[in-house]
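Okay, structure first, notes after.
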Amino acid sequence: MSTTHQTIQRPPRPRVVLRRTPRDLAYLMLSWPAALVGFVVVASLMGLVSSIVLAPVAVPLALIVASWSAQVERILLRRFQGVTDAEGYYLPSPPDAGVLAKAMTIVRDPQRWLDVIWAVVGWIVATITWIVAFTVWATALGLLLWPAWGWALPDNGDGSLAALVFGAETFWTQAVIEMSFGIVLLWVAPWITVGMARLQGMASRAILSSRSRQQVIEQLRVSRDAGRSAESEQLARLERDIHDGPQQRLVRLKLDLARIERQLGPESPAAQALRDAIISTQETLDELRALSRGIAPPTLTELGLVAAVRQAATRPVVPVSVSTNLPEQPGVLPPHTEQAAYYVVSEALTNVAKHSQARNAYVELNADGRDLVVAVTDDGIGGAEFGKGSGLAGLAERLRSVDGQLTVDSPAGGPTTLLARMPHGRRTHADRDR
């Protein structure tokens, strides 16, 4: 039995509000002038876009000023709000780039256009929060100090809030009422200030940090793809090392043992020991070849996924037919995708030969939209499940490493269909021909 805990954001306690009020008030008072300057300059420069002569200069300048305004807001967020996740990611210009190339980099930068949006939206939000906070504090202080300036109001009896609402006539009666309202408003002002600062901080983070989050996601994706490519290259290198090293030496050892056996003759006491050594060498060689094929078969890297799958289909005793809409050439898909697809087919056909008692098997290898779909079907007895030593759990783990999914439909009595779906990346045949 599990319990789900939900985090409820409760209003801050009075002590916390009072401690935050000076910092939040300073943030609101400083943010609005900075936003006003940024808005006026950016709007003025963007107003020159209609001019063919001035637009090539005005647009990059507007983007630069908008970025400066956004940076000021980020500094204020860090200093007064403790917000550190609103940093933007700006496209770097090449070190040897000229003025035109730098201007084009600025114009193509999505983060700078988000900063332009902030220059407009941020000014609107800052204006609202500044007016609310300033009005509340100014009114509260004005009411508290009413005895110091209330005497200057007209003597017609309706110059103050107390006279208009409560009909107070004497000066000190009006003073008590005005100061009472001032005390109430002064007690509410910190809560309003903290609320306005939180509202503006949320708006700032929503706009200024969105590109940063996207960049983090993109960097993680690029890093993951680079790791997959490096792993694929290492596996291919390992396969070549096995093929060119131990595998060739075992072949040479087998030939040498066979030659020695022929020289000794069948009647030699050592002939049987040599024959056992030859059989053991052949078994080791077969296991090494199977291991090599499971890592990264030479056919996969040299001829491509389709050719490797067709070759794998010839190994089982069960007849296997292969259909595909992929071109029969190497490098159609990213290496990690091809290796995962080949591993699925190879392991599935091994299961067919060992467990299914099938008479026929079928392999379908198709690119469907952005996914590569691998289907292996047999007409055997069915009953294949995860966790029964069939290797399906390992297949599922292998597919998860490439963002793929594995489903198995294997009712008792058959047929069995193993369906693997994984993103095939960007290196499609059409992309290569562009």
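Only the coordinates and a few stated rules stand behind these numbers; no lab work does. Keep in mind that this is a model prediction, so the values were computed, not measured. For neighbour counting, all protein chains shown are included, and Cβ atoms are generated from backbone atoms with ideal geometry for every residue, glycine included.
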Inset, instruction - Compute the length gained on full extension between I131 and V53: take 0.36 nm times their separation in residues and subtract their Cα-Cα distance, giving the result in nm to one decimal. - result: 24.2 nm
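Provide the gained length on full extension for the span V251 to I124, in nm with one decimal, where the gain is 0.36 nm per separating residue minus the Cα-Cα distance.
Using 0.36 nm per residue and subtracting the Cα-Cα distance, I get 37.9 nm.
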Inset, instruction - Obtain the nm distance between the two label points defined at A396 and W187 by a simple spin-label model: each point lies 7 Å from its Cα along the Cα-to-C-beta direction. - result: 6.1 nm
Inset, instruction - Quick one: which residues, 5+ away or cross-chain, put their amide H under 5 Å from the amide H of V332? H built at 1.01 Å from N. - result: L305
Inset, instruction - Obtain the nm distance between the two label points defined at D276 and A97 by a simple spin-label model: each point lies 7 Å from its Cα along the Cα-to-C-beta direction. - result: 7.3 nm
Inset, instruction - Can you pull the one-decimal nm distance between simple spin-label points at R198 and E364, each 7 Å off the Cα toward Cβ? - result: 5.5 nm
Legend entry - Using θ = phi - 60° and Karplus 6.51 cos²θ - 1.76 cosθ + 1.60, couplings along region 358-366 (whole Hz; Gly, Pro as x): 7, 9, 8, 9, 9, 10, 10, 10, 9
Legend entry - Potential extension, L145-E385 segment - 0.36 nm per residue separation minus Cα distance: 78.2 nm
Inset, instruction - At most 16 other Cβ atoms within 10 Å and a DSSP loop assignment: could you name the trypsin sites (Lys or Arg not before Pro) in region 297-384 that fit? - result: R359, R370
